[in-house]
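Peer 1: The structure's right below; bear with me while I get my questions together.
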There are 2 protein chains.
Amino acid sequence: MAPGRSQQQRSAPIRRQERGRRRIAEILDAAEEVIAEVGFEEATTNAIAARAGVSPGSLYQFFANKEQILDGLLPRYTESSRDFWNSRLNAEVARLPLAELLDRVVEAMAAFKVQRPAFWVLFHGSPASPRLTEVAEEVRAGIAARVRDVFAIREPQLPDERLELLATVSIAIVRGVFPLAMAADEYRRAQLLAEVKGALLGYLGPVVGYGAVADDRRS
Amino acid sequence: MAPGRSQQQRSAPIRRQERGRRRIAEILDAAEEVIAEVGFEEATTNAIAARAGVSPGSLYQFFANKEQILDGLLPRYTESSRDFWNSRLNAEVARLPLAELLDRVVEAMAAFKVQRPAFWVLFHGSPASPRLTEVAEEVRAGIAARVRDVFAIREPQLPDERLELLATVSIAIVRGVFPLAMAADEYRRAQLLAEVKGALLGYLGPVVGYGAVADDRRS
DNA sequence: AAAAAATACGAGCATTTACTCGTTTTCATC
DNA sequence: GATGAAAACGAGTAAATGCTCGTATTTTTT
């Protein structure tokens, strides 16, 4: 028995059974929890296994190494991020008065932090590993693309490069203020969020307009 | 010989000789280099010792643990930060037209990053250890105080709380954009820095005024 | 010069942590 | 029910890392 089975024979792609797929999900759930609490680098594989209620050996039955756990988590982040921002940054919202648009988006982002803390850690965390940086960058690029679309609706004649820059900087501004806001008590958080909305209004207003945008379908 | 000398007998505060003080400085220099390269958490004590050209044992002759190396570095950061910002954020600069004021400060900050990379890592790095967070927070508070003073000169009748909030948010905005800018190529860096100046102008202009401020000493 | 204190060394300890291995148990397929 | 693959286990390994210890050398003090 136990023929040099190095966990990963190519040529037989491992036929996962139901049980296995369930375990994978459990391990990823556990990883998400632990990462939300201590960050990715500090999340030990043993801790993740323990949280999932499996042995370290079982964890490595499904993931070749720690990085692959991150890879397994990635789709969750990108998907939930995509869904979230698709529903918040659509054509309809884009046409609102800028102040209201910003209010909605900033508040939504604050709510998202509470809802998906692990995502938050990834998005705002330190770029400890190159892989992690890459992942975070991808997520950010996705959000930037949505924001850019919103700006494009408000001011269609702006060149793409300018739109992209506006989106990137807007997100960076929020990224700068948010950690402060979310760590503070409720009163100060409200203060800071109000400020960042004001700052974005001052930054974006002159470029993409303050008012609502008419939904003219004349093209 | 070697009587249970546990490196740190109270009652005899260790009389450092010249050689020792030199070593301490060398070790701190080395620590600064290594930290600038890999960050504080990833900087191993053995690597710092090796870089300083001393044995691990010697390092621990002067520092009881890794955290005390950080403590030894702290005054350098706070002092160089204080000197730097004192010379950049003075009453004279505060009275310049806002656009020029911002231009100077943002450019100075970019230059500072190149000049003191370890400081940069501390200031923008991850809040990995509680101690590190505390230190970074202290440095930031110092800068915020200077920025607040500048705003106070431009708009003396603003309440202190408002000034403080403006300063904090301004710094947070810069903190959000800077990592992006400094990691990018020269062209994009210039773009991003121009944007952040514009954003700050839009944010602060309505509150602290766009123009130069007269140096009226009538009070 | 002698004693004491400070400095210096570097092999090695203790701990942590990603990961393995040999084995046993559960499941799917015949 | 027999057989083999997948799943599960958990003690154990190798490497990294903060730090110590016994000892040797240099400097200061007496």
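Peer 1: Can you give the charge dipole size of chain A about its Cα centre, rounded to the nearest 20 debye, using +1 on the beta carbon of Lys and Arg and -1 on the beta carbon of Asp and Glu? The partial results should precede the final answer.
Peer 2: Working: 29 positive and 29 negative charges, 156 e Å.
For this selection, approximately 740 debye.
Peer 1: Next up: Assign unit charges at the C-beta atoms only (+1 for Lys and Arg, -1 for Asp and Glu), then state the dipole size of segment B:71-114 relative to its Cα centre in Debye, rounded to the nearest 20.
Peer 2: Working: 6 positive and 7 negative charges, 5 e Å.
That gives a dipole near 20 debye.
Peer 1: As I understand it, the value is the acute angle between the Cα axis of helix B:186-208 and the longest principal axis of the Cα atoms of chain B; what does it come to in degrees, rounded to 10?
Peer 2: Computed tilt is about 60 degrees.
Peer 1: Quantify how strongly other chains surround peptide A:187-200 by giving the mean number of their Cβ atoms within 10 Å of each of its Cβ atoms. Spell out each step's value before the answer.
Peer 2: Numbers: counts 0, 2, 0, 0, 5, 4, 0, 2, 9, 5, 0, 5, 10, 4.
Mean shielding by partner chains, rounded to a whole number: 3.
Peer 1: Quick one: of A:Lys197/B:Lys197; A:Lys66/B:Lys66; A:Lys113/B:Lys66, which pairs are farther than 29 Å apart, Cα to Cα? Let's see the in-between values first.
Peer 2: Details: A:Lys197/B:Lys197 17 Å; A:Lys66/B:Lys66 27 Å; A:Lys113/B:Lys66 33 Å.
Table pairs above 29 Å Cα-Cα are A:Lys113/B:Lys66.
Peer 1: Averaged across orientations, what area in nm² does the convex hull of the alpha carbons in segment B:73-205 project?
Peer 2: Mean shadow area of the hull around the Cα atoms is 7.9 nm².
Peer 1: Can you list the HN-Hα couplings for segment A:58-69, worked out from phi with the Karplus curve (6.51, -1.76, 1.60; θ = phi - 60°), rounded to whole Hz and with x for Gly and Pro?
Peer 2: Running phi through 6.51 cos²θ - 1.76 cosθ + 1.60 with θ = phi - 60° gives 5, 4, 7, 5, 10, 10, 5, 6, 4, 4, 5, 5 Hz.
Peer 1: Could you put B:Val38, A:Val34, A:Val114 in order, starting from the residue whose Cβ has the fewest other Cβ atoms within 10 Å? The partial results should precede the final answer.
Peer 2: Working: B:Val38 13, A:Val34 23, A:Val114 9.
Arranged by neighbour count, lowest to highest, B:Val38, A:Val34, A:Val114 become A:Val114, B:Val38, A:Val34.
Peer 1: Next up: Going by alpha carbons, how many degrees (0 to 90, nearest 10) lie between the helix axis of A:18-38 and the longest principal axis of chain A?
Peer 2: Rounded to the nearest ten degrees, it is 60.
Peer 1: A follow-up question, please. Could you give the angle, 0 to 90 degrees to the nearest 10, between helix A:98-115's Cα long axis and the longest principal axis of the Cα atoms of chain A?
Peer 2: Around 20 degrees separate the two axes.
Peer 1: On to the next question. Over chain B, with a Gaussian network built from C-alpha contacts below 10 Å, which listed residue (B:Ala91, B:Ala36, B:Ala183) shows the highest mean-square fluctuation?
Peer 2: The residue with the greatest mean-square fluctuation here is B:Ala183.
Peer 1: So what's the back-of-envelope 222 nm ellipticity for chain B, counting only DSSP H runs of four-plus at -39500 (n - 2.57) apiece and dividing by all residues, rounded to 500? List each step's numbers first, then the result.
Peer 2: Details: 10 runs with 161 residues, N = 219.
So the calculated ellipticity at 222 nm is -24500 deg cm²/dmol.
Peer 1: Quick one: putting +1 on the C-beta of Lys and Arg, -1 on the C-beta of Asp and Glu, what dipole do you get for the protein assembly as shown around its Cα centre, in Debye to the nearest 20?
Peer 2: Values: 58 positive and 58 negative charges, 211 e Å.
Magnitude of the dipole: close to 1020 debye.
Peer 1: Would you pull out the residues with amide H under 5 Å of B:Arg95's amide H, same chain only if 5 or more places away, H placed 1.01 Å from N?
Peer 2: Long-range HN contacts for B:Arg95: none found.
Peer 1: In nm, what does the list of distances from B:His124 to its counterparts in the other copies look like, shortest first, when each label sits 7 Å along Cα to Cβ?
Peer 2: Label-point distances to the other copies, shortest first: 1.9 nm.
Peer 1: Another question, if that's okay. Please give the average number of partner chain Cβ atoms lying within 10 Å of the Cβ of each residue in A:202-208, rounded to a whole number.
Peer 2: Values: counts 10, 9, 2, 1, 2, 2, 0.
Mean partner shielding for this stretch: 4.
Peer 1: Can you classify segment A:58-104 as rounded, prolate or oblate using the Cα gyration tensor, where a ≥ b ≥ c are the square roots of its eigenvalues, rounded means a/c under 1.5, and otherwise it's prolate if a/b beats b/c and oblate if not? Intermediate results must be reported in sequence, preceding the final value.
Peer 2: Numbers: a/c = 6.65, a/b = 4.61, b/c = 1.44.
It comes out prolate by the Cα gyration axes.
Peer 1: Can you tell which of A:Pro13, A:Asn46, A:Ala64 lies farthest toward the positive end of the dipole of segment A:10-64, using +1 and -1 charges on the Cβ of basic and acidic side chains (Lys, Arg; Asp, Glu)?
Peer 2: So the residue we want is A:Pro13.
Peer 1: Here's another thing I want to ask about it. Put the label 7 Å from Cα along Cα→Cβ for A:Val38; what are its distances to the other copies, in nanometres, shortest first?
Peer 2: 2.1
Peer 1: Toward the positive end of the charge dipole of the protein assembly as shown, about the Cα centre and with charges on Cβ (Lys, Arg +1; Asp, Glu -1), which of A:Ala145, A:Pro117, A:Ala167 goes farthest?
Peer 2: Result: A:Pro117, furthest along the dipole toward the positive end.
Peer 1: Per residue of A:163-176, how many C-beta atoms from partner chains lie within 10 Å of its own C-beta, taken as a mean? Intermediate results must be reported in sequence, preceding the final value.
Peer 2: Working: counts 0, 0, 5, 2, 0, 6, 12, 4, 3, 13, 12, 3, 7, 12.
Per residue, the number of nearby Cβ atoms from other chains is 6 on average.
No value in this document is a laboratory result; all are computed from the given coordinates. In this text, all values refer to a predicted model and were calculated from it rather than measured experimentally. Positions of Cβ are generated from backbone atoms using ideal geometry, with glycine treated the same way; all protein chains shown enter the neighbour counts.
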